[in-house]
Every structure is written in C-alpha cells, then in structure tokens.
Amino acid sequence: MKKVITVDFDNVLAFESVQNTGWLVMGTGVLNPIKVIHDLVREKHREGFEIHCVTFREDKDIPEVKSFIKEHFLPIKEVHNTSSKSKTPILKKLKSTLHIDDSLSVCLGAIAENIDCLFVDFGQLKDESQRELASNLDIIKVNID
C-alpha cells in the first residue's frame, strides 16, 4: 500500500490574484500556482507517495479545481471536498501520513490524529497567539505578492 500525502487547494496549490481599486480589494478569478508547493508535490510523487487534494470547496467548485490540477500537470490522484466541514475524517480515511494546509485549525486537527502537517504560511500568523499555536508545526513560508 502506498503512503498518502494530502494537500489543500486554496492558498496552497493555488492563490487568486487580487485587484486593488483604491476602495476595494477584489479577487480577479484568476488562479495562480504556488510553485514551491507544486515542486514539493511532484517530488513526493516521484518518491512513491500517492497525492490527494482535500479542499473545503463545494461540489460546484470541483471542476475548477480539477481543471487547475490538469492544467499544471500535478500528479494528484483524486480531489475530495468537504463543503466547509472538517477535513480530519477524510484525512483519516485516506490514511494520510502528511497533510499540507494553510489553515492552522486544520493542521492542529490533523496532528491530534497523529497525521504530520506542513503549515503553509503566507503571512497569516499575525499575532503572538497564532504564532504560539503554530510553534510546533513544520512551516513553509510562501510569498504570493
């Protein structure tokens, strides 16, 4: 049986470009790859890991996720969505050995189930309490400016 790695989609595999109008900051609808995570996913796949995407997105959003994955030639076996529910049951069902996510609460839930987690930090650890909660996590710093 292959070892499994799970990875989040939004702000992990992809981030949405934003447009600052002076009054509002709005999403453009354009998804951009986060290269360091794509490289990591490809490396782990070459090492023999099976990769799954686990996202909070709704059913209606899955074609967009799958299209992005196909467009960027990511070796992801399957996309699982939770419709904003906890990811932990899916991570356990897949027997994930490592989960990659930008949500501190998701990472802490995974760790509570003995699933290693790589926290993707693109600047969301703004206050001391968040940094303290994340202090025991493996962190990859990402700049998406």
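What number comes out for the charge environment of Pro75, summing +1 per Lys or Arg and -1 per Asp or Glu over other residues with Cβ under 13 Å away? Could the numbers behind the result be given before it?
Numbers: positive: Lys2, Arg42, Lys44, Arg46, Lys70, Lys77; negative: Asp39, Glu43, Glu47, Glu50, Glu78.
Computed value for this residue: +1.
Can you tell me how much longer the chain between Glu64 and Glu43 gets when fully stretched, taken as 0.36 nm per residue apart minus their C-alpha distance, in nm with one decimal?
Using 0.36 nm per residue and subtracting the Cα-Cα distance, I get 5.2 nm.
Test of understanding: extend the Cα→C-beta vector of Lys95 to 7 Å, then name every residue of region 2-16 with backbone N under 13 Å from that spot.
2-5
With +1 on the Cβ of every Lys and Arg and -1 on the Cβ of every Asp and Glu, and nothing else charged, how large is the dipole of region 30-81 about its Cα centre, in debye rounded to the nearest 20?
So the magnitude is around 140 debye.
Once the other residues with Cβ under 9 Å from the Cβ of Ser84 are scored (Lys, Arg +1; Asp, Glu -1), what is the net sum?
Charge balance near Ser84 sits at +1.
For the pairs Lys2/Lys93; Lys2/Lys44; Lys2/Lys60; Lys35/Lys66; Lys44/Lys77, flag any whose C-alpha to C-alpha distance is greater than 19 Å.
Lys2/Lys60
Please report Rg over Rh for region 62-117, where both radii come from the alpha carbon positions and Rh follows the Kirkwood definition.
Rg/Rh: 0.99.
We did not get these values from a lab; they are worked out from the coordinates using the rules stated. What you are looking at is a predicted structure, and each value in this text was computed from that prediction instead of being measured. Methodologically, a virtual Cβ is constructed for each residue, glycine included, from the backbone with ideal geometry; neighbour enumeration extends over all protein chains shown.
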